[in-house]
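K.L.:
Structure in structure tokens, see below.
The values are calculated or read from the model by the stated rules, or taken from the named source; none is laboratory data. A quick note: this is a predicted structure, and the numbers were derived from the prediction, not measured. Positions of Cβ are generated from backbone atoms using ideal geometry, with glycine treated the same way; all protein chains shown enter the neighbour counts. Just so you know, the surface numbers come from the protein's heavy atoms only, side chains and all, with ligands and any DNA or RNA stripped out. Shrake-Rupley method; radii C 1.70, N 1.55, O 1.52, S 1.80 Å.
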2 protein chains.
Amino acid sequence: MNKVITIGREFGSGGRELGRRIAEALQIDYYDKEILAEIAKHTSMSEEYVQQIMDGKHPQLFPITIGQTFMLTADYHIQQMQSIYGAQSDIIRDLANRSSCVIVGRCANYILRDMNPRRLFVYADIESRVKRCIERNKSAEDLTEKEIRKHILRIDKDRARFYSDYTGQAWGDRLNYDYCINTTNVVIKDIAPIIAQLVNS
Amino acid sequence: MNKVITIGREFGSGGRELGRRIAEALQIDYYDKEILAEIAKHTSMSEEYVQQIMDGKHPQLFPITIGQTFMLTADYHIQQMQSIYGAQSDIIRDLANRSSCVIVGRCANYILRDMNPRRLFVYADIESRVKRCIERNKSAEDLTEKEIRKHILRIDKDRARFYSDYTGQAWGDRLNYDYCINTTNVVIKDIAPIIAQLVNS
């Protein structure tokens with residue numbers, strides 16, 4: 001049986017770095033944005049559009065005019081959501097069946113629940129997340145701390161909505177995870193090898 | 001600087017066993033019910049009474065009759081709560097200053113917040129907690145599963161109230177902990193050495 005580790009994470013908490021380092025420590029595959037590209041390929045939608053849907057946004061495709069047109073737009077949107085949900089589930093299950101791996105985000109803890117993955121949720125206080133965003137992203141230098149904070153909270157709200165729409169569960173509810181890890185003031189490379197050992201036990 | 005590990009835990013989650021095993025692995029002191037006895041000694045109250053207060057219960061000392069008597073009773077009760085809160089804080093700070101240790105419950109994560117302890121919260125789904133209660137406590141055999149479940153949920157509700165009254169924080173809120181550990185279907189002795197390594201890093 002493959003060993004599968006799923007990582008839910010608050011934006012800016014370093015969850016992706018932790019996932020990558022766990023995959024390195026265990027010498028297993030690591031999937032993050034690759035899943036997005038696969039979904040785009042399967043559904044013939046653009047990566048950007050898929051990303052918007054998976055970020056919990058509801059992009060408006062057509063101008064809303066009157067009743068009939070609105071209904072068509074809403075139906076079309078729901079169909080596309082369902083295509084993305086279906087592709088996401090197929091791809092993640094396929095990856096988990098193919099080899100031992102770490103999968104970041106994309107409701108993988110829920111999709112793979114019958115495969116008994118080790119499920120991590122990574123979080124941190126808002127100050128620490130703002131700091132991490134500034135450190136890792138030079139483009140964030142143009143934003144004020146207040147703007148970065150607002151951006152972080154909005155992304156988390158969107159993620160929570162997507163997760164909840166897709167799974168019917170509350171995002172970040174500890175019962176849906178095996179270990180919740182607070183990365184406030186933590187150097188991720190210091191804890192990654194021990195977390196790898198923990199999820200591999 | 002002493003290494004201090006605090007453990008908050010849902011009833012029946014095996015948090016005490018995990019704490020004891022971490023203390024053994026790190027060869028440091030372990031405090032749980034000893035704190036209760038110390039508080040009783042400091043306040044000249046009975047251990048049973050202190051336990052009731054710390055379990056979030058509000059024992060009724062005198063029959064409530066009319067206004068004045070009720071006020072006296074309430075004042076007396078508040079005074080006793082304050083004595084216990086004060087003694088709890090003094091004793092826990094004293095223990096943490098004396099040697100490296102694991103402290104279970106008693107809001108230690110909050111009391112010692114300026115000492116930067118490693119703060120664990122241990123939890124599990126209700127079925128797993130009922131099972132653990134039955135396995136570890138032969139006297140629970142006389143109770144039905146439904147009764148045990150009710151007992152567990154009541155104790156957690158009382159703990160949450162005591163924690164919240166004392167700290168002003170929500171009990172089990174992940175931001176107040178470094179690691180939250182789900183012990184559903186977990187053999188605690190298997191993970192304890194790795195958790196010990198993690199909190200010692």
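K.L.:
Take the residues in the range B:175-201 that are at the interface with another protein chain (Cβ under 7 Å from one of its Cβ atoms), among the polar types (S, T, N, Q) and within 19 Å of B:LEU26 (Cα to Cα); name whichever of them is surrounded by the fewest Cβ atoms within 10 Å (Cβ to Cβ).
P.N.:
B:SER201
K.L.:
Return yes when A:GLY105 is small (Gly, Ala, Ser), touching a Lys or Arg at 6+ places or on another chain (Cβ under 8 Å), in contact (Cβ under 8 Å) with a residue 60 or more places away in the chain and within 14 Å of chain B (Cβ to nearest Cβ) and no when it is not. Steps first, please.
P.N.:
Details: small (Gly, Ala, Ser): yes; touching a Lys or Arg at 6+ places or on another chain (Cβ under 8 Å): yes; in contact (Cβ under 8 Å) with a residue 60 or more places away in the chain: yes; within 14 Å of chain B (Cβ to nearest Cβ): no.
It is false that A:GLY105 is small (Gly, Ala, Ser), touching a Lys or Arg at 6+ places or on another chain (Cβ under 8 Å), in contact (Cβ under 8 Å) with a residue 60 or more places away in the chain and within 14 Å of chain B (Cβ to nearest Cβ).
K.L.:
Checking the conditions here, which among B:GLU24, B:GLU34, B:GLU10, B:GLU48 is surrounded by fewer than 17 Cβ atoms within 10 Å (Cβ to Cβ) and at pLDDT 95 or above? I'd like the intermediate steps shown before the answer.
P.N.:
Details: B:GLU34 fails: at pLDDT 95 or above; B:GLU10 fails: surrounded by fewer than 17 Cβ atoms within 10 Å (Cβ to Cβ); B:GLU48 fails: at pLDDT 95 or above.
One residue alone meets the criteria, B:GLU24.
K.L.:
While we're here: Give the residue, chosen from B:ILE111, B:ILE92, that is closer than 20 Å to B:ILE22 by Cα and in contact with a helix residue (DSSP H, G or I) (Cβ under 8 Å, 6 or more places away or on another chain).
P.N.:
Numbers: B:ILE111 fails: closer than 20 Å to B:ILE22 by Cα.
Going through B:ILE111, B:ILE92 in turn, the sole match is B:ILE92.
K.L.:
So which residues in the range A:160-174 are away from chain B (no Cβ under 12 Å), farther than 23 Å from A:GLU127 by Cβ and surrounded by fewer than 20 Cβ atoms within 10 Å (Cβ to Cβ), if there are any at all? Before you say what the answer is, go through the steps one by one.
P.N.:
Residues of the range A:160-174 away from chain B (no Cβ under 12 Å): A:160-171.
Narrowing the set further to residues that are farther than 23 Å from A:GLU127 by Cβ leaves A:161-170.
Hits for the range A:160-174 are A:ARG161, A:SER164, A:ASP165, A:THR167, A:GLY168, A:GLN169, A:ALA170.
K.L.:
Taking A:GLU135, is it more than 14 Å from every other protein chain (Cβ to nearest Cβ) and surrounded by fewer than 18 Cβ atoms within 10 Å (Cβ to Cβ)? First the steps, then the outcome.
P.N.:
Details: more than 14 Å from every other protein chain (Cβ to nearest Cβ): yes; surrounded by fewer than 18 Cβ atoms within 10 Å (Cβ to Cβ): yes.
Criteria met by A:GLU135.
K.L.:
For residues in the range B:138-159 being hydrophobic (A, V, I, L, M, F, W, C) and free of Cβ contacts under 8 Å to residues at least 24 places away in the same chain, which is most open to solvent (accessible area, probe 1.4 Å)? Quick ask: steps written out before the conclusion?
P.N.:
Restricting attention to the range B:138-159, the residues satisfying the condition of being hydrophobic (A, V, I, L, M, F, W, C) are B:140, B:143, B:148, B:152-153, B:155.
Right, trim to free of Cβ contacts under 8 Å to residues at least 24 places away in the same chain and you get B:140, B:143, B:148.
Numbers: B:ALA140: 10, B:LEU143: 82, B:ILE148: 9 Å².
Once the filter is applied, the top-ranked residue is B:LEU143.
K.L.:
Condition test on A:GLY67, is it at pLDDT below 95, loosely packed, with under 12 Cβ neighbours inside 10 Å and farther than 27 Å from A:VAL186 by Cα? Show your work before the answer.
P.N.:
Numbers: at pLDDT below 95: yes; loosely packed, with under 12 Cβ neighbours inside 10 Å: yes; farther than 27 Å from A:VAL186 by Cα: yes.
When the stated conditions are applied, A:GLY67 passes them.
K.L.:
Let me ask you something else. So which of B:ILE181, B:ILE188 is aliphatic (A, V, I, L, M), in contact (Cβ under 8 Å) with a residue 24 or more places away in the chain and more than 25 Å from A:ALA124 (Cα to Cα)?
P.N.:
Values: B:ILE181 fails: more than 25 Å from A:ALA124 (Cα to Cα).
It is B:ILE188.
K.L.:
Separate question: Go over the candidates B:ASP178, B:ASP190, B:ASP173 one by one and state the one that is of a type in the set (Asp, Glu), under 22 Å from B:LEU18 (Cα atoms) and in contact with a helix residue (DSSP H, G or I) (Cβ under 9 Å, 6 or more places away or on another chain).
P.N.:
Working: B:ASP190 fails: in contact with a helix residue (DSSP H, G or I) (Cβ under 9 Å, 6 or more places away or on another chain); B:ASP173 fails: in contact with a helix residue (DSSP H, G or I) (Cβ under 9 Å, 6 or more places away or on another chain).
Just a single option satisfies the conditions, and that option is B:ASP178.
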